[in-house]
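Here the structure is laid out as structure tokens; the discussion comes afterwards.
The values are calculated or read from the model by the stated rules, or taken from the named source; none is laboratory data. This is a predicted model, so every value here is computed, not measured. Positions of Cβ are generated from backbone atoms using ideal geometry, with glycine treated the same way; all protein chains shown enter the neighbour counts. All accessible areas refer to the heavy atoms of the entire protein, side chains included, with ligands and DNA or RNA removed. Shrake-Rupley method; radii C 1.70, N 1.55, O 1.52, S 1.80 Å.
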Amino acid sequence: MGEGEGVESSNKPDIRLSSPFPWRGETLPPILDSETPEHLKRIRDLGIPYIFDIHTHFFPETIMKLIWRWFDNVNWAIGYRLSEAERVERLHHNGIQRFTTLNYAHKAEMASSLNDWTYANYKNWKGAIPFGTFYPEEGVLTYVKKAVEEYGFLGFKLHCEVSKLNLNSPELTDTFLYLQEKQIPILIHTGTAPLPGEFTGIQFFKPFLETYPKLEVIVAHMGADEISAYASLLDSYPNLALDTTMVFVDFLATGKVLDVDSAIPYLERYQNQIYFGSDFPNIPYNLNHPISRFLDLPISDLAKQKILYRNAENRFFK
Ligand SMILES: [Zn+2]
């Protein structure tokens, strides 16, 4: 897509209508002014005590503001520009009592200090599951070990597009072998949506997984927009999982309408290898939107229970 495409041509006042990422249908979910968590009763009826969100972001404020500015430039309207404490309150308000602390390095010499920052702060966020990050650079194994053994982090996050990170980089071999041995999960944005990068896509991911077949990998956004290619690996790699982040929503950042609809059967079939994720707070709609859309999907109650709660709860607390 071209820069600013669609912006000039739109004469509608709502900034969201001119987003390069289209909406499904005409009705746009309101942002924040009516964030009613009607889903709370529905999850209770399914026997879910609370939602476990595998994909939520926490960054130092200066970096978070730069990220929000980037989203402004693509008309991705984020309503949750609140303090950390208020954002955690929004999570709890929506029944999300456990959530990860994902962040990632945009360049070298940044990951280690992000880990220090997460460690210094995450205990203030009730329900936070501490995740670190790393980058192909000197000393990476040392600070990853520190994050696991000293900080007690329970997972890591990598972003192949933003970090221009090649999963097959030899600089990361020791680190991946270490995390494989320790059975520590890594949540990876490796897909080509919303924007492809130099090292995104199944052609980079597949050789990586073949090299570390027992690594616990959670693919963000179900690998959109190559969902079926990623899902086809789930049978052969039992330690591989996908997260639902931004997939089953009315905002089409992760692929075309048909691609998303054809992904619904994977939720039933691979119900033990899928986690619910929201991408909060960097979402252009209310947090109740992805939850109620997920609850509306034509899949079994058991699959919903596992994806919203049980799989992650078992993964981190059993
Ligand atoms: Zn994310």
TODO: Filter the stretch 218-249 down to residues that are of a type in the set (A, V, I, L, M, F, W, C) and in contact with a Ser or Thr (Cβ under 9 Å, 6 or more places away or on another chain), then give me how many there are.
DONE: 7
- [ ] Among the residues of the stretch 210-225, count how many are within 20 Å of K157 (Cβ to Cβ) and either more than 16 Å from the ligand (Cβ to nearest atom) or surrounded by fewer than 19 Cβ atoms within 10 Å (Cβ to Cβ) (or both).
- [x] 5
- [ ] Output the residue which, of all residues in the stretch 270-292 that are away from the ligand (no atom under 16 Å from the Cβ) and part of a loop (DSSP other than H, G, I, E, B), is nearest to R81 (Cα to Cα).
- [x] N286
Open item on the list: Against the conditions (1) closer than 20 Å to N311 by Cβ; (2) modelled with pLDDT of 95 or more; (3) not β-branched (V, I, T), where does F58 fall short? Just the number, please.
Closed with: (1)
Task: Candidate set from the stretch 50-67 (those that are farther than 18 Å from F131 by Cβ and touching a helix residue (DSSP H, G or I) at 6+ places or on another chain (Cβ under 9 Å)); member that is surrounded by the most Cβ atoms within 10 Å (Cβ to Cβ) - done: Y50
Task: Inter-residue pairs, beta-carbon under 7 Å, first part of a strand (DSSP E or B) and in the stretch 86-103, second within 16 Å of the ligand (Cβ to nearest atom) and β-branched (V, I, T), 6+ apart - done: R98/I129; F99/T56; F99/I129; T100/I54; T100/T56; T100/I129; L102/T56
Open item on the list: Condition first: in contact with a Lys or Arg (Cβ under 7 Å, 6 or more places away or on another chain) and open to solvent by 20 Å² or more (accessible area, probe 1.4 Å). Can you find one or more residues in the stretch 280-292 that meet it?
Closed with: no
Open item on the list: Cβ contacts < 7 Å: first residue closer than 21 Å to R315 by Cα and within 16 Å of the ligand (Cβ to nearest atom), restricted to the stretch 151-179; second residue modelled with pLDDT under 95 and part of a loop (DSSP other than H, G, I, E, B), any location; separation 6+ or different chain. Result?
Closed with: L158/L165
TODO: Search the stretch 226-249 for residues being within 15 Å of the ligand (Cβ to nearest atom) and over 16 Å from K306 (Cβ atoms), and hand back the single one that is surrounded by the fewest Cβ atoms within 10 Å (Cβ to Cβ).
DONE: V249
Open item on the list: So, T100, is that one open to solvent by less than 10 Å² (accessible area, probe 1.4 Å), of a type in the set (S, T, N, Q), at pLDDT 95 or above and within 23 Å of T200 (Cβ to Cβ) or not?
Closed with: yes
Open item on the list: Give all pairs with beta carbons closer than 6 Å in which a residue from the stretch 47-76 that is acidic (D, E) meets a residue that is within 14 Å of the ligand (Cβ to nearest atom) and in a strand (DSSP E or B); count only pairs at least 6 apart in sequence or on separate chains.
Closed with: D53/F99
